[in-house]
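Report on one structure; see the data block that follows.
The values are calculated or read from the model by the stated rules, or taken from the named source; none is laboratory data. Just so you know, these numbers come straight off a predicted model, no measurement behind them. Note: ideal-geometry Cβ built from the backbone for every residue, glycine included; neighbour counts use all protein chains shown. To get the accessible areas, we keep the full protein, side chains included, count just its heavy atoms, and leave off ligands, DNA and RNA. Shrake-Rupley method; radii C 1.70, N 1.55, O 1.52, S 1.80 Å.
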Amino acid sequence: QAQLVESGGGAVQAGGSLRLSCAASGRTFSSNGVGWFRQAPGKEREFVAAINWSGSTIYYADSVKGRFTISRGNAQSIAYLQMNSLEPDDTAVYFCAARTGPSARMTINEYAYWGQGTQVTVSS
């Protein structure tokens, strides 16, 4: 079946940068909306960024706007999340997700396909 796998997580100091990739197997997601979400310990999973099939529509959570950039990828990596000026509050497991439809959406229940997550740890 379809699979999404995140990569690029790690441990960085505050102010540092990371670039997350989302790889797909089993099917192509080039015509699907893609999103990034994160979950910190003891907290609910929250929206980070979303992009539609063409890249013409992009949404960001207020907490990451101006620091993070979501982009479409190719058949191998369907999306990226460039994270700059990282803060300790960005520490979380980051998930990529894909919709069945082409639009960008900000709600967790809009996404049918999920990766297993990649850990991002930002130290102060």
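Annotations for the structure displayed:
- The chain - percent of accessible surface contributed by carbon and sulfur, probe 1.4 Å: 46
- Ranked by how many other beta carbons lie within 10 Å on average, peptides 27-37, 55-65 from highest: 27-37, 55-65
- Using only the C-alpha atoms, the convex hull of the chain corresponds to 89 Å³ per residue.
- The radius of gyration of the Cα set in segment 41-110, together with its Dmax, comes out at 12.3, 35 angstrom.
- Each of the peptides 109-121, 87-99 was scored by the mean count of other Cβ atoms within 10 Å over its residues; in descending order, highest first, they stand as 87-99, 109-121.
- The residues of the chain expose on average 49 square angstrom of accessible surface per residue, using a 1.4 Å probe on protein heavy atoms.
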